[in-house]
């Protein structure tokens with residue numbers, strides 16, 4: 001038997017300046033690229049979501065005049081594993097050690113390293129994005145970042161500390177409770193900057209309805225953050241609760257809505 005191959009997609013390894021190794025997945029549409037270049041969508045937890053996002057974009061962008069979804073370069077940032085997730089994400093996506101007690105999650109094992117978000121953003125901005133821009137015909141003025149759970153936390157923090165890095169930010173079920181104090185400090189600095197008046201940026205926050213029972217008030221935290229940003233910034237903000245979905249099952253509808261926000265032909 002032969003392995004299934006994802007058409008028009010490649011993967012390669014790339015190291016950060018710290019020597020951390022990432023598995024990078026890239027999909028380029030097999031169509032002529034527009035004069036301005038393809039929009040590009042960067043995905044956190046690439047091992048878990050790259051294939052799903054590529055299939056959604058590949059199918060819906062076949063008839064952009066009908067679907068309003070344009071072809072795009074998709075970049076998944078993953079890890080050197082065949083599992084959907086790696087414990088390395090706890091370092092890359094977090095601002096500091098968790099504010100809540102999460103020791104039971106590892107059943108007596110030592111907690112993974114935390115607090116590498118600044119270094120991870122440096123890797124994306126200074127190493128990965130320049131490489132993608134050299135190798136692929138992308139539009140540097142139409143770039144989006146997608147992350148879920150701790151990845152959603154990283155997406156929000158990136159908006160607050162470096163809002164011009166991307167034009168569209170998609171945060172699914174963001175784990176605000178993990179580093180709430182530092183995130184809100186960065187939010188306040190963002191609100192006091194001229195960047196918060198930039199109406200060309202968009203933020204989409206989506207969660208599953210069944211997450212209302214989460215002990216860390218995930219929906220409440222996200223809604224409060226979104227409402228505050230709606231009042232105090234010029235961001236284009238969408239907040240959505242997906243009916244009858246939990247923290248993991250929310251991913252497919254979240255992805256479908258994310259590509260509508262990031263790759264709309266009207267933008």
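The values are calculated or read from the model by the stated rules, or taken from the named source; none is laboratory data. Small disclaimer: the values here were computed from a predicted structure and weren't measured. Cβ coordinates were reconstructed from backbone atoms using ideal geometry, including for glycine residues, and neighbour counts include every protein chain displayed.
Only one of 196, 200, 149, 144 is at pLDDT below 95 and buried (at least 19 other Cβ atoms within 10 Å of the Cβ). Can you tell me which? Spell out the reasoning first.
Values: 200 fails: buried (at least 19 other Cβ atoms within 10 Å of the Cβ); 149 fails: at pLDDT below 95; 144 fails: at pLDDT below 95.
Result: 196 is the single residue among 196, 200, 149, 144 that is at pLDDT below 95 and buried (at least 19 other Cβ atoms within 10 Å of the Cβ).
When only residues in the range 90-101 that are under 22 Å from residue 217 (Cα atoms) and in contact with a helix residue (DSSP H, G or I) (Cβ under 8 Å, 6 or more places away or on another chain) count, which is modelled with the lowest pLDDT?
100
Could you list all residues from the range 202-227 that are in contact (Cβ under 8 Å) with a residue 40 or more places away in the chain and either in contact with a strand residue (DSSP E or B) (Cβ under 7 Å, 6 or more places away or on another chain) or in a helix (DSSP H, G or I) (or both)? Break it down stepwise before answering.
Filtering the range 202-227 down to residues in contact (Cβ under 8 Å) with a residue 40 or more places away in the chain leaves 202-208, 216-218, 221-222, 225.
Answer for the range 202-227, where residues must be in contact (Cβ under 8 Å) with a residue 40 or more places away in the chain and either in contact with a strand residue (DSSP E or B) (Cβ under 7 Å, 6 or more places away or on another chain) or in a helix (DSSP H, G or I) (or both): 202, 203, 204, 205, 206, 207, 208, 218, 221, 222, 225.
Take the residues of the range 103-119 that are assigned to a loop (DSSP other than H, G, I, E, B) and surrounded by 14 or more Cβ atoms within 10 Å (Cβ to Cβ): which is modelled with the highest pLDDT?
Of the range 103-119, the ones assigned to a loop (DSSP other than H, G, I, E, B) are 107-116.
Filter again for surrounded by 14 or more Cβ atoms within 10 Å (Cβ to Cβ), leaving 112, 114-116.
Details: 112: 86, 114: 92, 115: 92, 116: 95.
My answer is 116.
Within the group 170, 248, which residue is under 18 Å from the mean Cα position of the chain (by Cα), crowded, with 19+ Cβ neighbours inside 10 Å and outside any helix (DSSP H, G or I)?
Within the list 170, 248, the selection yields 170.
Could you say whether any residue in the range 9-18 is under 23 Å from residue 257 (Cβ atoms), surrounded by 13 or more Cβ atoms within 10 Å (Cβ to Cβ) and touching a strand residue (DSSP E or B) at 6+ places or on another chain (Cβ under 6 Å)?
Yes; the residues of the range 9-18 include at least one that is under 23 Å from residue 257 (Cβ atoms), surrounded by 13 or more Cβ atoms within 10 Å (Cβ to Cβ) and touching a strand residue (DSSP E or B) at 6+ places or on another chain (Cβ under 6 Å).
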